[in-house]
Amino acid sequence: MGLRKDFLWGGATAANQLEGGYAEDGRGLANVDVIPIGEDRGPIRNGDRKHLDFDDEHFYPAKEGIDHYHRYKEDIALFGEMGFKTYRLSIAWSRIFPKGDEEEPNEAGLKFYEDLFQECHKHGIEPLVTITHFDCPIHLIKEYGGWRNRKTIDFYENLTRTLFTRYKGLVKYWLTFNEINVILHAPFMGAGLVFEEGENKKQVIYQAAHHELLASALATKIAHEVDPDIQVGCMLAAGKYYPETPNPRDVLAAQQADRRNYFFIDVQSRGEYPAYALKELEREGIEIPFEEGDKELLKEHTVDFISFSYYSNRVASGDPESKDQAEGNVIRSVKNPYLKASEWGWQIDPLGLRITMNDIYDRYQKPLFIVENGLGAVDHPDENGYVEDDYRIDYLASHIEAMKDAVELDGVDLMGYTTWGCIDLVSAGTGEMKKRYGFIYVDRDNYGNGTLDRTPKKSFDWYKKVIETNGKDLSKD
Ligand code: P53
């Protein structure tokens, strides 16, 4: 017993958080480029402020990221040195289709990822590719309203067919939409939605979600047609809700909060809208723009596996007066008094990972893949740039321990584990560089100062040993 022999250990990143090179080789602009660091980030991320271009007032960290666009070989070699079996990355849609609605792809963009995938294979690393990690070309947002428009499905179809065909044999594992449920919590960052004054946001969100869900099913269909060996997964920002107390009112609130997030995966994995969602949307007068053939498409092309990110569990209260919110996270939660929190207020709950894995596995009975987990923390490098990040090792070791329990004691079928931000990168929530997750330190600050030099941290050697022993040796020294 233990983890699978071919267990996919590795790390995860997203294009807009590390590539930079935002205007190179024909790349077009995307929603994720124009979200600045600073206090305006929140309202912009949520679609409450239209912001579809750069300005001089703000700093835009995605423009340069950590310059992975020019340094990917060096970075992938370091991943190889740690023994990564897989590397999760995302495609920048606007590198492949700069405006989004072109018929023909941009060859320079396609070539960039082809070279990158080949580089991975050179080091024995299997790429795991997220097709959209929150990004949507700006042109699609300006001209069509992005995902609120059904036409966006056609553009996504063209994108995915191009990718599956071009990278046949190079990429086996694909995810259609990163954290698809984040459309509920940060609709501009998550799906490029901007709202008109006074419109019913929930209507727009669920209409856009319907289009994404159809696009995901269509991509799954195309992937399997192009290459039956491809495996397609959905991706959930996971973290179960605990009830604040055993008061049934809180238990119901927790169940409802869980369902709001599971809704998307219910459709992608079981192939139909769950009754609880249909009832709620009907009650609230929200119309899902079903057309002929939609139901069959969703039913016939469900995902092969369920991937998810896990940072923390959450707490729900049924008390309408409850205001005691844990800080910092994009997804709201009441504070859990039994847990400590990170410097950004994210509560640390390794046992919650085992609980969440069991919850998801019970619900879907498909293989799971943990594609994000980690601790965002401030690092203090010494004069050589070396970081002794015992706090990060402790966080990861305790989560891996809980993950192994879910597999070995509870029988959950798990394909792999990739830590978030295996190399320091820009935070999605805050836009900071200071919030670091990596095994590799990158010399760069929140406002773009620094040499961009890469230096392995203490956790680098630790993770190498974890992978070598297939998770058996988690000791620190
Ligand atoms: P940062 C919300 C809740 C959980 C995970 O987050 C989330 C979000 C949205 O921010 O995002 C994922 O950088 C996401 C990554 C992101 C990572 O978590 O705010 O897929 O892009 O960087 C960590 O600390």
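In what sequence do Trp147, Trp346, Trp93 fall when counting other Cβ within 10 Å, fewest first? The partial results should precede the final answer.
Numbers: Trp147 29, Trp346 21, Trp93 26.
Ordered from fewest to most neighbouring Cβ atoms within 10 Å, Trp147, Trp346, Trp93 come out as Trp346, Trp93, Trp147.
List the residues whose amide H sits under 5 Å from the amide H of Ala30, counting only those 5 or more places along or on another chain, with H placed 1.01 Å from N in the peptide plane.
The list, which skips near neighbours in sequence, is Ile138.
Could you tally the net charge around Arg454, taking each other residue with its Cβ under 10 Å from the Cβ of Arg454, Lys/Arg +1 and Asp/Glu -1?
Here the charged neighbours net out to -4.
Residue by residue, what Karplus-based ³J(HN,Hα) values in Hz, rounded to whole numbers, does the stretch 30-45 have, using 6.51, -1.76 and 1.60 with θ = phi - 60° and x for Gly and Pro?
So the Karplus estimates, Gly and Pro as x, are 9, 3, 5, 6, 9, 9, x, 7, x, 6, 7, 4, x, x, 6, 4 Hz.
What ³J(HN,Hα) values, in whole Hz, does the Karplus curve 6.51 cos²θ - 1.76 cosθ + 1.60 give for the stretch 105-120 when θ = phi - 60°, with x put for Gly and Pro?
Computed from phi, the couplings for the stretch 105-120 are x, 7, 4, 4, x, 4, 5, 4, 6, 4, 4, 5, 5, 5, 4, 4 Hz.
Rounded to the nearest 5, what is the percent of antiparallel bridges among the DSSP beta bridges in the chain?
Approximately 15 percent, going by the DSSP bridge assignments.
Is the C-alpha gyration tensor of the stretch 336-468 telling us rounded, prolate or oblate? Criteria: a/c under 1.5 is rounded; beyond that, a/b larger than b/c is prolate, otherwise oblate.
In terms of gyration-tensor shape, prolate.
May I ask you to order 53-64, 94-105 by the average number of other C-beta atoms within 10 Å around their residues, highest value first? Numbers along the way, then the final one.
Numbers: 53-64: 15.0, 94-105: 19.4.
The packing order, highest mean first, is 94-105, 53-64.
Please work out whether the chain counts as rounded, prolate or oblate from its C-alpha gyration tensor, where a ≥ b ≥ c are the square roots of the eigenvalues and a/c under 1.5 means rounded, while otherwise a/b larger than b/c means prolate and anything else oblate?
rounded
Please list the non-local residues whose amide H lies under 5 Å from the amide H of Thr130, H modeled 1.01 Å from N, same-chain partners needing a gap of 5 or more.
Leu89, Ser90, Ile91, Leu175
Give me, ordered by chain and number, the residues 5 or more places off Phe369 or on other chains with an amide H under 5 Å from its own placed amide H.
Ile306, Ser307, Phe308, Met415
Based on the Cβ-Cβ distance from His224 to Glu383, what FRET efficiency comes out when R0 is 56 Å, to the nearest 0.05?
For His224 and Glu383, the calculated efficiency is 0.55.
In what order do Leu184, Leu170 fall by count of nearby beta-carbon atoms within 10 Å, going from fewest to most?
Leu170, Leu184
Each residue of the stretch 222-238 in turn: what ³J(HN,Hα) in whole Hz from Karplus with 6.51, -1.76, 1.60 and θ = phi - 60°, glycine and Pro shown as x?
Once θ is set to phi - 60°, the couplings for the stretch 222-238 become 5, 4, 5, 6, 5, 7, x, 7, 5, 10, 10, x, 8, 8, 10, 7, 8 Hz.
Can you give the relative contact order of the stretch 8-468 as a percent, counting alpha carbon pairs under 8 Å and 6+ residues apart?
Values: 965 pairs, mean separation 76.5, N = 461.
Relative contact order comes out at 17 percent.
How much net charge surrounds Asn181 when only the other residues with a Cβ under 12 Å from the Cβ of Asn181 are counted, with Lys and Arg +1 and Asp and Glu -1? Walk me through the numbers on the way to the answer.
Working: positive: Arg259, Arg260; negative: Glu179, Glu212, Asp258, Asp266.
Local net charge: -2.
Every read-out reported here was derived from the displayed coordinates using simple, explicitly stated rules and does not represent laboratory data. The structure presented is a predicted model; accordingly, all values stated were derived computationally and were not measured. Quick reminder, even Gly has a Cβ in these numbers, built from the backbone with ideal geometry, and neighbours come from all protein chains shown.
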